[in-house]
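**Student:** Input: one structure, supplied below.
The values are calculated or read from the model by the stated rules, or taken from the named source; none is laboratory data. All values reported here derive from a predicted model rather than from experimental measurement. Note: ideal-geometry Cβ built from the backbone for every residue, glycine included; neighbour counts use all protein chains shown. When the accessible area is computed, the model is the full protein with side chains, heavy atoms only, and any ligands, DNA or RNA have been set aside. Shrake-Rupley method; radii C 1.70, N 1.55, O 1.52, S 1.80 Å.
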Amino acid sequence: MRHRGFSDRIAGIPRSAIHEMTRLSREVDDVVLLSWARPSSDTPEHIKEAAVKAIRDGHTAAYSESSGLEELREEIAKKLSKVNGINAKPSQVMVTVGAIECSAAAVMALTDPGDEVILPSPTYSAHISQIALAAARPVLVPLDEKKSCALDLQAIRAAITPKTRAIFYCSPSNPTGAVFSQEQLNSLAEIAIEHDLTIITDEAYEYFVYDGARHFSIASLPELSGRVVSCFTFTKTYSMTGWRVGYLHAGEDIVRQIFKAHIPLALCAPVVSQYAALAAIKGPQDCIEHFRDKYKRSRELLCARLDRLGSVFSYRRPAGTYMMLPRIRIKEGADSAAFCRKLLTEARVSFSPGVEFGPNGEGHVRISFCVPEDEINRAFDRLEKHFKV
């Protein structure tokens, strides 16, 4: 029986399958953990040293401005202009507790109870939960799996109702690894303008694209001025997942409203992490190329190992991120959560169930390849033995 003090919106949100697999993995000895998108690389030394200096210089004991350190916002605005083609001013930037707080605060600011937000699916599970937390309704529109998980623009258009307030997408995509092309996003922009919708983006993996794919920030389109909330993060770019620092860009009127949600959610991003982020964005950027090359090599290895398990999995090579979402070919994979629990207990390998990322993810597993290559080999040696390949 449900405790009478729990809210309906919280009680109605399912338990995170990713974190449940992590919890279950602790109960099994010697598990190879490929279920969590947590890079094994350490934060670059110059970033860590900047944080230590900020602590020693007495800069981290007090709150920063809630919108973030002024110098950091200035540097972010420069980066957005140079890298993303977004004509940004510091007053349009807010520093947050990772990209996840960006999007949570944006959803809170842009929707009322009963409003609808369209998400191309499979999508990052936290985005679905953020909409439910705001008492709005997530409308999951399937990606076109036959076209490398491209946007189905016709289906998105058909899903719009008088209650639709926003379209919320993730590119490069967690969990599919798809990278939406500029052509697709130009068409999405036309839909948003036609129906007076806001677009919320999650661009956490903007730098990690491969094989000629290019990341495109939709907020760079002048016709969408004041209609986009773009969410970014330092955590993935600089292997700073534990530092919890991200940022958003939007029109000043939207930022002012999101700020009202940011204050009760976070007050400000961790100040020590903001100083680390300042060193990251101002310092040498060669670490990004290093991480990208490392993930690309790991992707190639993972694809090669999946090829040897072709009777069990089929997949499309991810164009971005450090995740992929193979389809389970055997009938035991119809229930992806049960399939993952079975692999955990019998093969000691942990994947994330695809159903975590929306109903279109069912029958798939998410595999993270931001781990050492020997971990990938160890996992797939076990899987080959388990499936007798």
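**Student:** If I ask for residues that are on the phi < 0 side of the Ramachandran plot, outside any helix (DSSP H, G or I) and touching a residue at least 60 places away in the same chain (Cβ under 8 Å), which ones from the stretch 328-356 would you list?
**Tutor:** Correct list: Val349, Ser350, Phe351, Ser352, Pro353.
**Student:** Quick test of your reading of the structure: Gly333 fulfils all but one of (1) modelled with pLDDT of 95 or more; (2) buried (at least 18 other Cβ atoms within 10 Å of the Cβ). Name the failing condition by number.
**Tutor:** Status for Gly333: all satisfied but (1).
**Student:** Still on this structure: Among the numbered criteria (1) closer than 30 Å to His215 by Cα; (2) at pLDDT 95 or above; (3) part of a helix (DSSP H, G or I); (4) touching a Ser or Thr at 6+ places or on another chain (Cβ under 7 Å), which one does Ala77 miss?
**Tutor:** Only one criterion is unmet by Ala77, namely (4).
**Student:** Looking at (1) open to solvent by 10 Å² or more (accessible area, probe 1.4 Å); (2) under 25 Å from Pro122 (Cα atoms); (3) in contact (Cβ under 8 Å) with a residue 40 or more places away in the chain, can you tell me which one Ile263 breaks?
**Tutor:** If we test Ile263 against (1) open to solvent by 10 Å² or more (accessible area, probe 1.4 Å); (2) under 25 Å from Pro122 (Cα atoms); (3) in contact (Cβ under 8 Å) with a residue 40 or more places away in the chain, just (2) comes out false.
**Student:** Considering (1) open to solvent by 60 Å² or more (accessible area, probe 1.4 Å); (2) part of a helix (DSSP H, G or I); (3) of a type outside the set (Ser, Thr, Tyr), say which one Ala51 fails and leave the rest.
**Tutor:** Here Ala51 clears every test but (1).
**Student:** Using the structure shown, decide if Ile254 is touching a residue at least 12 places away in the same chain (Cβ under 8 Å) and open to solvent by 10 Å² or more (accessible area, probe 1.4 Å).
**Tutor:** Yes, satisfied.
**Student:** Mind counting the residues in the stretch 71-88 that are open to solvent by 30 Å² or more (accessible area, probe 1.4 Å) and out of contact with any Pro (no Cβ under 7 Å at 6 or more places or on another chain)? It would help to see each step written out before you state the result.
**Tutor:** Of all residues in the stretch 71-88, those open to solvent by 30 Å² or more (accessible area, probe 1.4 Å) come to 71, 74-75, 78, 81-83, 85, 87.
Subset that is out of contact with any Pro (no Cβ under 7 Å at 6 or more places or on another chain): 71, 75, 78, 81-83, 85, 87.
Qualifying residue count, the stretch 71-88: 8.
**Student:** From Ala219, Ala250, Ala204, which residue is among the aliphatic types (A, V, I, L, M), within 21 Å of Ala77 (Cα to Cα) and within 12 Å of the chain's Cα centre (by Cα)?
**Tutor:** Result of the check over Ala219, Ala250, Ala204: Ala204.
**Student:** While we're looking at this one, here's another question. Taking helices (runs of 4 or more DSSP H) that fall entirely within the stretch 89-189, which contain at least 2 residues that are in contact with a His (Cβ under 7 Å, 6 or more places away or on another chain), modelled with pLDDT of 95 or more and open to solvent by less than 40 Å² (accessible area, probe 1.4 Å)?
**Tutor:** Where helices (runs of 4 or more DSSP H) fall fully within the stretch 89-189 and carry at least 2 residues being in contact with a His (Cβ under 7 Å, 6 or more places away or on another chain), modelled with pLDDT of 95 or more and open to solvent by less than 40 Å² (accessible area, probe 1.4 Å), they are 98-110.
**Student:** Take the conditions touching a residue at least 24 places away in the same chain (Cβ under 8 Å), more than 24 Å from Asp29 (Cα to Cα) and either part of a helix (DSSP H, G or I) or open to solvent by 10 Å² or more (accessible area, probe 1.4 Å) (or both) and apply them to Asn377. Does it pass? Show your work before the answer.
**Tutor:** Numbers: touching a residue at least 24 places away in the same chain (Cβ under 8 Å): yes; more than 24 Å from Asp29 (Cα to Cα): no; either part of a helix (DSSP H, G or I) or open to solvent by 10 Å² or more (accessible area, probe 1.4 Å) (or both): yes.
Spelling it out, it is not the case that Asn377 is touching a residue at least 24 places away in the same chain (Cβ under 8 Å), more than 24 Å from Asp29 (Cα to Cα) and either part of a helix (DSSP H, G or I) or open to solvent by 10 Å² or more (accessible area, probe 1.4 Å) (or both).
**Student:** Next question, about the same structure. Hey, could you check the stretch 342-362 for residues that are surrounded by fewer than 17 Cβ atoms within 10 Å (Cβ to Cβ) and not hydroxyl-bearing (Ser, Thr, Tyr) and say which is nearest to Asp202 (Cα to Cα)? If you could, list the steps in order and put the result at the bottom.
**Tutor:** In the first step, residues of the stretch 342-362 are kept if they are surrounded by fewer than 17 Cβ atoms within 10 Å (Cβ to Cβ); the result is 342, 345-346, 359.
Then drop every residue that is not not hydroxyl-bearing (Ser, Thr, Tyr), which leaves 342, 346, 359.
On the way: Lys342: 32, Glu346: 36, Pro359: 20 Å.
Going through the qualifying residues, I end up with Pro359.
**Student:** Taking the stretch 141-172, which residues are more than 23 Å from the chain's Cα centre (by Cα) and without any contact (Cβ under 8 Å) to a residue 40 or more places away in the chain?
**Tutor:** Those that are more than 23 Å from the chain's Cα centre (by Cα) and without any contact (Cβ under 8 Å) to a residue 40 or more places away in the chain: Gln154, Arg157, Ala158, Pro162.
**Student:** Among Arg366, Arg378, which is touching a Phe, Trp or Tyr at 6+ places or on another chain (Cβ under 8 Å) and modelled with pLDDT of 95 or more?
**Tutor:** Arg366
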